[in-house]
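The values are calculated or read from the model by the stated rules, or taken from the named source; none is laboratory data. Owing to the predicted nature of the structure, the values given are computational and were not obtained by experimental measurement. When we count neighbours, we look across all protein chains shown, and the Cβ atoms used for this are built from the backbone with ideal geometry, even at glycine. We work out accessible area using only protein heavy atoms, side chains counted, and drop any ligands, DNA or RNA first. Shrake-Rupley method; radii C 1.70, N 1.55, O 1.52, S 1.80 Å.
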Amino acid sequence: MLKKLLPFLLFSFCIINGYGQQNYWQQEVDVTINVALNDRAHSLSGVITMNYRNNSPDTLRYIWIHLWPNAYKNDKTAFSDQLLQNGRTDFYFSSEEERGYINRLNFKVDEITANTEDHPQHQDIIKLILPASLLPGRSIKIETPFHVKLPRNFSRSGHIGQSYQVTQWYPKPAVYDHKGWHPMPYLDQGEFYSEFGNYKVAITLPENYVVAATGLLKQTITEPAVDGNWLARNEQDLKMDSTPSSPNNKTLVYTQDSVHDFAWFADKNFEVLKDTLMLGSRSIDVYAYFNRANKKDWANSIAYIKSATRTKSEWLGEYPYPVVSVVEKAGKPDGGGMEYPTITLISKTVNEKMLDYLINHEVGHNWFYGILASNERTHPWMDEGMNSYYDQRYSKQYYGRFSPDMIDMDAAFLKKRAPADIQQTVLETITRIKKDQPITTHSEKFSLLNYGMIAYYKTAGWMQLLEKELGQPVFDSVMQTYFRLYQFKHPYPEDFKRTAAMVSGKNLDSVFNLLEKKGSLQLPVKKDLRFTTFASLNETDKHNYIFLTPAAGFNHYDKLMLGVGLHNYTLPLNRLRFFVAPMYATGTKTLNGTGRIAYTAYTGSKGQQLVLAVAGARFTGDSFRDSTGTNNYQPFSKIVPAAKFVFANKDPRSLVTKYVQWKTFFITETALLFQRDTGLQVDVISYPKEKRTLNQLEFVFENNRVLYPYKVALQG
């Protein structure tokens, strides 16, 4: 009995005492912003006031400030460099007009002008030097005017025509926590970390815009600005912009407590659906904003938002905010979305299931990121991965499978060959070739493919593993306790692990150690051998396939060649891969063909490969019509054994390929030989078989970067 009571007593003691959080602290930043949109200049003019409270035990003499609109300033930013490394050139080759920035800053701290220093590396970070030291437990008022030129929407923020996505748009203090300062440049791959506070934001813009924003709309004012003093202070900034497109403006005032960011979206073409949702004893507002041309596609959007909010409230903890909103992004569909407190932006989807899935994912970020505000840049798995686990749980509950149908496939031929979970297939492929990375990798260190496959999908699999280890009731208790202890805080991985161990009463080192390791989470199973036609990615974890497929070819001498092919190419890749394609030549009436067999050994942990292969081919290479009118065909055949070693890259994001390769070509050709028989005084034609051997050693260094790619090959 005592043994059974110990976990309960430990749990109760930890809850009462904040589970070791007696010394926990975090900074608080309350924010008031007045801002005006100019929809001809695509710009913002505003002023921000921040009440910064130092809850740390340390005396602060400066504060790092993020100026993330400057990520779009030129092609010398971390954002620009990352886009190029990820294969995108649209920003690099953009015009000055398409780019953006933030300027006209004049910081004051407690009414005293404060100096700033540039970050030594990044244009979108500055250091605000405090005129006086900020002691523990004390607060300061920081204020500055600011002006933002909104870029074309290259990433999350900007405009698409006169549709505005105003995100990461104002000066924002970096987080200072028990691990120190966390200044970080804006990145497209890699998200954010910000301080909690209470927000009041007044947005002035032409009256014909519909606005969706963080928090609740508290007031609508017909005057051009909420604060006449603010308007007077910024009159010169407003004059410097073009005249707004509408003679009549409105000012919308939004408020929201206990959030760490504020985003808003404005579009003249928004349609709005609104409803309410009962959670416990209170009601919250539910909004959907979408382009009126897509009204049919969004007919069930409110139901999807409610379903997402209700399930997370049941599984994790009740949604604490008074409103939840989803906004459709203008422009072409890209299958993605981006979350902000109480509101999310998503693009057009390929079908209604995907709309439901995407809404569920993005609304789920209100729990992971919005309320449990971990450092997404450093620990993306705590946000994207945990949230993806609940995506799979939602999909399983409503659709009977862990992942949605990415593409509608009506053809039975395709359906039975498609994998039940394409993401699992891709993940196992990356893992098989040892190009995966640990779950704990930082956002910006992931390769582009691994960011999605590891931070999102593999983490979701790891969460399933943890659930299996604990059982779902205990797992749910772990997650609910984690949510209760760390809502509106900045939890770290060690906090989650400690909570899981406390609630379960188990030593979970073996499970949590998997976060640091590469490799598959799937246990290997014995596969059977299965013959089928063409190709298949379905249940490749259970079957070793051999595929039978038609084969065809053509050349000048053999004419049309028809035959069959046998191969075992599928995903994940087999170590031993082969194909053979014998074909009958209709022109020469001979049997030709081609084939290759190769074995790949992965000799290290970072993707280096040793490939041993033998290839062969036989075709007709020439012909000669003799004096009798007979065509004498001259076949050509080769057998090519090869060995290739591909070197590993230290940086998984590297686009460099280096390999050394040896090939020996054993070539047999039918030649044409003319000789004179001097005795008989006749010409003699023969077709001798000639054999020759060619050895080739090759070293290749190839950089597949998107700008100025190059390849160097040394052959001997």
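For segment 109-120, what are the residues that are open to solvent by 70 Å² or more (accessible area, probe 1.4 Å) and not β-branched (Val, Ile, Thr)? Break it down into steps so the answer makes sense when it comes.
Initially, segment 109-120 is screened for residues open to solvent by 70 Å² or more (accessible area, probe 1.4 Å), giving 110-113, 115, 117-118, 120.
Residues satisfying the conditions are ASP110, GLU111, ASN115, GLU117, ASP118, PRO120.
Take PHE531 and tell me if it is open to solvent by less than 70 Å² (accessible area, probe 1.4 Å) and assigned to a strand (DSSP E or B). I'd like the intermediate steps shown before the answer.
Working: open to solvent by less than 70 Å² (accessible area, probe 1.4 Å): no; assigned to a strand (DSSP E or B): yes.
It is false that PHE531 is open to solvent by less than 70 Å² (accessible area, probe 1.4 Å) and assigned to a strand (DSSP E or B).
Given (1) open to solvent by 50 Å² or more (accessible area, probe 1.4 Å); (2) closer than 30 Å to ILE430 by Cα; (3) touching a residue at least 24 places away in the same chain (Cβ under 8 Å), identify the lone condition not met by TYR708.
(3)
Which residues, counting only those in segment 130-162, are open to solvent by less than 20 Å² (accessible area, probe 1.4 Å), over 24 Å from the mean Cα position of the chain (by Cα) and of a type in the set (S, T, N, Q)?
Once the filter is applied, which keeps residues that are open to solvent by less than 20 Å² (accessible area, probe 1.4 Å), over 24 Å from the mean Cα position of the chain (by Cα) and of a type in the set (S, T, N, Q), segment 130-162 yields only THR144.
Among all residue pairs at least 6 apart or on different chains, which show Cβ distances below 8 Å where the first residue, located in segment 296-325, is free of Cβ contacts under 8 Å to residues at least 24 places away in the same chain and the second is basic (Lys, Arg) and surrounded by fewer than 22 Cβ atoms within 10 Å (Cβ to Cβ)?
As it stands, the answer is none, since no pair meets every condition given.
Residues are listed down the side, and each one gets a yes or a no for (1) assigned to a loop (DSSP other than H, G, I, E, B); (2) at pLDDT 95 or above; (3) open to solvent by 10 Å² or more (accessible area, probe 1.4 Å):
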residue: ILE302; (1), (2), (3): no, yes, yes
residue: THR311; (1), (2), (3): no, yes, no
residue: TYR319; (1), (2), (3): yes, yes, no
residue: VAL327; (1), (2), (3): no, yes, no
residue: LYS332; (1), (2), (3): yes, no, yes
residue: THR344; (1), (2), (3): no, yes, no
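When ALA598 is evaluated against the numbered criteria (1) open to solvent by less than 40 Å² (accessible area, probe 1.4 Å); (2) in contact (Cβ under 8 Å) with a residue 60 or more places away in the chain; (3) of a type outside the set (S, T, N, Q), which criterion, by number, is the only one it fails?
The one condition ALA598 does not meet is (2).
Among the numbered conditions (1) open to solvent by 80 Å² or more (accessible area, probe 1.4 Å); (2) touching a Lys or Arg at 6+ places or on another chain (Cβ under 8 Å); (3) free of Cβ contacts under 8 Å to residues at least 40 places away in the same chain, tell me where GLN696 comes up short.
So GLN696 meets the others, but not (1).
For segment 665-693, which residues satisfy the criterion of being of a type outside the set (Lys, Arg), over 20 Å from TYR633 (Cα atoms) and over 60 Å from the mean Cα position of the chain (by Cα)?
Hits for segment 665-693 are ASP677, THR678, GLY679, LEU680, GLN681, VAL682.
Here is a list of conditions, (1) more than 50 Å from the chain's Cα centre (by Cα); (2) open to solvent by less than 30 Å² (accessible area, probe 1.4 Å), and ASP626 meets all of them except one; can you say which number that is?
Only one criterion in (1) more than 50 Å from the chain's Cα centre (by Cα); (2) open to solvent by less than 30 Å² (accessible area, probe 1.4 Å) is unmet by ASP626, namely (2).
HIS178 passes all but one of (1) of a type outside the set (Val, Ile, Thr); (2) under 17 Å from ASN55 (Cα atoms); (3) surrounded by 22 or more Cβ atoms within 10 Å (Cβ to Cβ); which number fails?
(3)
Using the structure shown, decide if TYR287 is closer than 23 Å to PHE196 by Cα and buried (at least 16 other Cβ atoms within 10 Å of the Cβ).
On the way: closer than 23 Å to PHE196 by Cα: no; buried (at least 16 other Cβ atoms within 10 Å of the Cβ): yes.
Spelling it out, it is not the case that TYR287 is closer than 23 Å to PHE196 by Cα and buried (at least 16 other Cβ atoms within 10 Å of the Cβ).
Identify all residues within segment 144-165 that are hydroxyl-bearing (Ser, Thr, Tyr) and closer than 17 Å to VAL211 by Cα; write none if there are none. I'd like the intermediate steps shown before the answer.
First, pick out the residues of segment 144-165 that are hydroxyl-bearing (Ser, Thr, Tyr): 144, 155, 157, 163-164.
Once the filter is applied, which keeps residues that are hydroxyl-bearing (Ser, Thr, Tyr) and closer than 17 Å to VAL211 by Cα, segment 144-165 yields SER157, SER163, TYR164.
Which one is surrounded by the most Cβ atoms within 10 Å (Cβ to Cβ) among residues in segment 247-261 that are among the aliphatic types (A, V, I, L, M) and over 15 Å from LYS172 (Cα atoms)?
So the first thing to find is which residues in segment 247-261 are among the aliphatic types (A, V, I, L, M), and the list is 252-253, 259.
Next, from what is left, pick out any that are over 15 Å from LYS172 (Cα atoms): 252-253.
Details: LEU252: 20, VAL253: 18.
Checking each candidate, the answer is LEU252.
Conditions tested, residue by residue: (1) of a type in the set (Val, Ile, Thr); (2) open to solvent by less than 50 Å² (accessible area, probe 1.4 Å); (3) modelled with pLDDT under 95.
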| position | (1), (2), (3) |
| --- | --- |
| THR459 | yes, yes, no |
| PHE483 | no, yes, no |
| TYR486 | no, yes, no |
| LYS497 | no, no, no |
| VAL503 | yes, yes, no |
| PRO524 | no, no, yes |
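Among (1) outside any strand (DSSP E or B); (2) open to solvent by 40 Å² or more (accessible area, probe 1.4 Å); (3) among the hydrophobic types (A, V, I, L, M, F, W, C), there is one condition ALA648 misses while meeting the rest; what is its number?
(2)
Quick check, is PHE93 among the aromatic types (Phe, Trp, Tyr), open to solvent by less than 40 Å² (accessible area, probe 1.4 Å) and closer than 30 Å to ASN703 by Cβ?
Working: among the aromatic types (Phe, Trp, Tyr): yes; open to solvent by less than 40 Å² (accessible area, probe 1.4 Å): no; closer than 30 Å to ASN703 by Cβ: yes.
No, not satisfied.
This table checks each residue for (1) open to solvent by 60 Å² or more (accessible area, probe 1.4 Å); (2) farther than 21 Å from THR349 by Cβ; (3) modelled with pLDDT under 95.
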position: GLN397; (1), (2), (3): yes, no, yes
position: GLY400; (1), (2), (3): no, no, yes
position: MET406; (1), (2), (3): yes, no, yes
position: ASP410; (1), (2), (3): yes, no, yes
position: PRO419; (1), (2), (3): no, no, yes
position: ILE422; (1), (2), (3): yes, no, yes
position: ILE430; (1), (2), (3): no, yes, no
position: LYS435; (1), (2), (3): yes, yes, no
